[in-house]
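Worksheet: the structure to be examined is printed underneath.
The values are calculated or read from the model by the stated rules, or taken from the named source; none is laboratory data. Note that the coordinates shown come from a computational prediction; the quantities given were computed from them, not determined experimentally. Please note: Cβ atoms are built from the backbone with ideal geometry, for glycine as well, and neighbour counts cover all protein chains shown. Accessible surface areas use protein heavy atoms only, side chains included; no ligands, DNA or RNA. Shrake-Rupley method; radii C 1.70, N 1.55, O 1.52, S 1.80 Å.
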Amino acid sequence: MSTSRPFPLNELDRLHPNGFVTLGKAKSATYSEPFYVVATEKEGLYFYVRHQQSVELLVYYHWNQIPDELFKSDRKNDRTYRHKKTVILTIFIGDDEGKEVAKLIERRKKILLLVRPWYRKIPGYRSGTVWKMLLASLVYFSLLSGMVDGDDDKAQPVKTEQINTIKAEDTEDKEIADDEKAQQEAAEKEKAEKERERKEELAAQKKAEEKEAAKQAAAKKAEEKRAAELAAQKEADKKAEEERIAQEEEAAAAEAVETDFANCTDLRTVYPDGVPSTHPAYQDKMDRDNDAFACEQS
């Protein structure tokens, strides 16, 4: 809130920097001075009365001290909250801060709409005022008596003042009915708006979840592809190594020279012309003529 506002709003802003201020009246208030209601999100409702140079805290209600179920009714720029038949408080909702106070109350409490009994829809009975209902009953009784007797001379005439009273009452009751109708329409509109917001929130949440699931699926697929590539590379490396070892063994076998022969007959099966003394297969016992050549053909 701005501290540049006039007294006492600036003082209430200083006391409750996170609160909203509006005019109002609590059920126990009997003061004639300007009365202020401060609503805060966590603490609840503070009720102040203004003095010349100061404000006085009259009563404070924590949210837990206020009934959970409240009936609300609007009359022009005033909104009244009742619990059963007891008025809890009335606030001014003709400005933005008043509307914020109402929002705080209605966010913390379950709000119900007043439903009038069927007879309260009859002109003269709508306000629930006893003397007005008695007067309306007399007027209706007089009209009914005249209709039943069928005798205009004997029927009790209805006074003009009574008719005017009923008409005024009808006008006033019509205003109340219009206010209640507008209130019900506003409540239905608010309910529809909340339902729309809820559906949009659910749709956005579902879309975000689907996007995250697709992202995770793509990451999993990429990881599986990478693992498959690594496995294929490992298998290829293993196969190449096995081939290399086989080739080396094959080459070693091809290059291997057999040297262990029992006699010249065995040696000539591999080396038909014999071997010189520099050959690994050469043995002195097979060089009978000592010419440095073993098992040569005679």
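Annotations
- Heavy atoms of K109: accessible area, 1.4 Å probe, square angstrom to 10: 20
- When you filter the GluC sites (Glu not before Pro) in region 204-283 for DSSP loop state and at most 15 other Cβ atoms inside 10 Å of their Cβ, you are left with E258.
- Summed over all non-identical Cα pairs, the Kirkwood treatment of region 179-234 gives a radius of 15.1 Å.
- FRET efficiency, 1/(1 + (r/R0)^6) with R0 45 Å, evaluated for K110 and E212 via beta carbons: 0.80
- Under Karplus coefficients 6.51, -1.76 and 1.60, residue-wise ³J(HN,Hα) of region 177-183 in Hz, glycine/proline x: 4, 5, 4, 5, 5, 5, 5
- Exposure ranking of V101, V55 by accessible area [1.4 Å probe, largest first]: V55, V101
- Using θ = phi - 60° in the Karplus curve 6.51 cos²θ - 1.76 cosθ + 1.60, the 3J(HN,Hα) couplings for region 283-298 round to 9, 4, 5, 8, 10, 6, 9, 6, 10, 6, 9, 9, 6, 6, 6, 6 Hz; x is entered for Gly and Pro.
- Measuring with a 1.4 angstrom probe and ignoring ligands and nucleic acids, K25 comes out at about 110 Å² accessible.
- Alpha carbon convex hull of region 220-295, volume per residue in cubic angstrom: 94
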